[in-house]
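Comments concern the structure below.
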Amino acid sequence: MHTLEARNICKFYDTRDGVLTVLNGLCFHADRDEFVSFVGPSGCGKSTLFNIITGLLEPDMGSILVDGDDRTGRSNEKVGYVLQKDLLFPWRTVLENIVLGLEVRGGNKAEALDKAHALLKKYRMQGYGNKYPGSISGGMRQRVALMRTMITDPEVILMDEAYKALDYPLKITLESELLEMLREERKTIVFVTHDIEEAVTLSDRVYVMKARPGEIVGEISVDLGTDSSDIPTRRMSRHFNDYYELIWKSIASPVSAAEEVA
Ligand code: ADP
Ligand code: MG
């Protein structure tokens, strides 16, 4: 049984030009301790897929299973979502933004505050609890967005291009922290990016998507030969280029790359 499993997910939209097939029969899975990425061009349906996984959107066909339970079209407390834009509420302090994750679920306020303080400490942001999002850096805001998800203790964390807008050094720091967190907390991370380098560096497994209709055209298991969470160390692995090439080939020419693997 997989932590997260999607079976034959299809999504269509009626448009003025006829029916648009956004997702065409997607099947995939992700397990505990696993970092799984989806790589694909803009418009291939990555955000639509995430909205289906979280139950915000219902697929026209197929099902989403979490720990073997059919959760299609229903919200799920086991799945947390970190969006591309951090989407913190500017009128709430950092602490109030973090507890929001639990507040919306009607949790105990004092307990939520305790958890939020523990998270601030863990992510080396003690002293920032009473600041407002507008007065902290973009990297810190992304950390707060992650804490807001982590406070609900999800099994699966979905991240939609969460680090896209950050400076390279900052991105590397946050990604190293993320891998460290995955190792300690034993979660499942499902990550969306259009950046092959990022996917290879972070992932245990990569699904390659193409657009119109959105389909999975490749699945690549990555083994960089290191257990390090340090992004530069992973990036400099001598296996890195091989995986980069494999993924690039399946994007550039899905059919021939598939033949090559087979
Ligand atoms: P990605 O996140 O990979 O960039 P999206 O999931 O946002 O892609 O969008 C996939 C495709 O679905 C795009 O072509 C987009 O225009 C289309 N789309 C998304 N939402 C709707 C909608 N509500 N109605 C019609 N088309 C939509
Ligand atoms: Mg998107």
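Consider GLU219 carefully, then state whether it is modelled with pLDDT of 95 or more and surrounded by fewer than 18 Cβ atoms within 10 Å (Cβ to Cβ).
On the way: modelled with pLDDT of 95 or more: yes; surrounded by fewer than 18 Cβ atoms within 10 Å (Cβ to Cβ): yes.
Yes.
Considering GLU175, GLU111, which residue is surrounded by fewer than 17 Cβ atoms within 10 Å (Cβ to Cβ) and not in a loop (DSSP other than H, G, I, E, B)?
Details: GLU175 fails: surrounded by fewer than 17 Cβ atoms within 10 Å (Cβ to Cβ).
Matching residue, one of GLU175, GLU111: GLU111.
Which members of the stretch 34-50 meet the condition of being touching a helix residue (DSSP H, G or I) at 6+ places or on another chain (Cβ under 7 Å) and either more than 8 Å from ligand 1 (Cβ to nearest atom) or under 11 Å from VAL190 (Cα atoms) (or both)?
The initial filter retains those residues of the stretch 34-50 that are touching a helix residue (DSSP H, G or I) at 6+ places or on another chain (Cβ under 7 Å), namely 35, 37-40.
Hits for the stretch 34-50 are PHE35, SER37, PHE38, VAL39.
Just need a number here: residues in the stretch 221-243 that are in contact (Cβ under 8 Å) with a residue 40 or more places away in the chain and within 30 Å of LYS11 (Cβ to Cβ).
Here the count works out to 1.
Does GLY25 fit the bill of being surrounded by fewer than 19 Cβ atoms within 10 Å (Cβ to Cβ) and either of a type in the set (Asp, Glu) or outside any strand (DSSP E or B) (or both)? Write out each step before concluding.
Details: surrounded by fewer than 19 Cβ atoms within 10 Å (Cβ to Cβ): yes; either of a type in the set (Asp, Glu) or outside any strand (DSSP E or B) (or both): no.
It is false that GLY25 is surrounded by fewer than 19 Cβ atoms within 10 Å (Cβ to Cβ) and either of a type in the set (Asp, Glu) or outside any strand (DSSP E or B) (or both).
Kindly list, by first and then second residue, each pair from a residue in the stretch 27-49 that is aromatic (Phe, Trp, Tyr) to a residue that is in a helix (DSSP H, G or I) and within 15 Å of ligand 1 (Cβ to nearest atom), limited to pairs with Cβ atoms under 6 Å and residues at least 6 apart or on different chains.
Matching pairs, first to second residue: PHE38/LYS46.
With the structure loaded, tell me whether TYR81 is among the aromatic types (Phe, Trp, Tyr), within 30 Å of VAL144 (Cα to Cα) and either at pLDDT 90 or above or within 16 Å of ligand 2 (Cβ to nearest atom) (or both) or whether it fails that test. So that I can check it myself, show each step before the final result.
Details: among the aromatic types (Phe, Trp, Tyr): yes; within 30 Å of VAL144 (Cα to Cα): yes; either at pLDDT 90 or above or within 16 Å of ligand 2 (Cβ to nearest atom) (or both): yes.
Taking the combined requirement at face value, the residue satisfies it.
Looking at the stretch 197-215, which of its residues are buried (at least 20 other Cβ atoms within 10 Å of the Cβ) and within 16 Å of PRO232 (Cα to Cα)?
Filtering the stretch 197-215 for residues buried (at least 20 other Cβ atoms within 10 Å of the Cβ) gives 198-203, 206-209, 214.
Answer for the stretch 197-215, where residues must be buried (at least 20 other Cβ atoms within 10 Å of the Cβ) and within 16 Å of PRO232 (Cα to Cα): GLU198, ALA199, VAL200, THR201, LEU202, SER203.
Would the stretch 225-240 turn up any residue that is under 26 Å from LEU23 (Cα atoms) and either touching a His at 6+ places or on another chain (Cβ under 9 Å) or in a loop (DSSP other than H, G, I, E, B) (or both)? Talk me through it step by step, then tell me what you get.
Kept after step one, since they are under 26 Å from LEU23 (Cα atoms), are these residues of the stretch 225-240: none.
There is no residue in the stretch 225-240 that is under 26 Å from LEU23 (Cα atoms) and either touching a His at 6+ places or on another chain (Cβ under 9 Å) or in a loop (DSSP other than H, G, I, E, B) (or both).
So which residues in the stretch 1-22 are surrounded by 18 or more Cβ atoms within 10 Å (Cβ to Cβ) and under 19 Å from ASN76 (Cβ atoms), if there are any at all?
Residues of the stretch 1-22 that are surrounded by 18 or more Cβ atoms within 10 Å (Cβ to Cβ), as a first pass: 3-6, 9, 11, 22.
Once the filter is applied, which keeps residues that are surrounded by 18 or more Cβ atoms within 10 Å (Cβ to Cβ) and under 19 Å from ASN76 (Cβ atoms), the stretch 1-22 yields THR3, LEU4, GLU5, ALA6, ILE9, LYS11.
Take the stretch 43-60 and flag every residue that is outside any helix (DSSP H, G or I) and more than 10 Å from ligand 2 (Cβ to nearest atom).
Within the stretch 43-60, the first condition is being outside any helix (DSSP H, G or I), and the residues that meet it are 43-45, 54-60.
If the condition is that a residue be outside any helix (DSSP H, G or I) and more than 10 Å from ligand 2 (Cβ to nearest atom), then THR54, GLY55, LEU56, LEU57, GLU58, PRO59, ASP60 are the ones that fit.
The values are calculated or read from the model by the stated rules, or taken from the named source; none is laboratory data. What you see is a predicted model; the values in this text were computed from it and never measured. Virtual Cβ from ideal backbone geometry, glycine too; neighbours counted across all protein chains shown.
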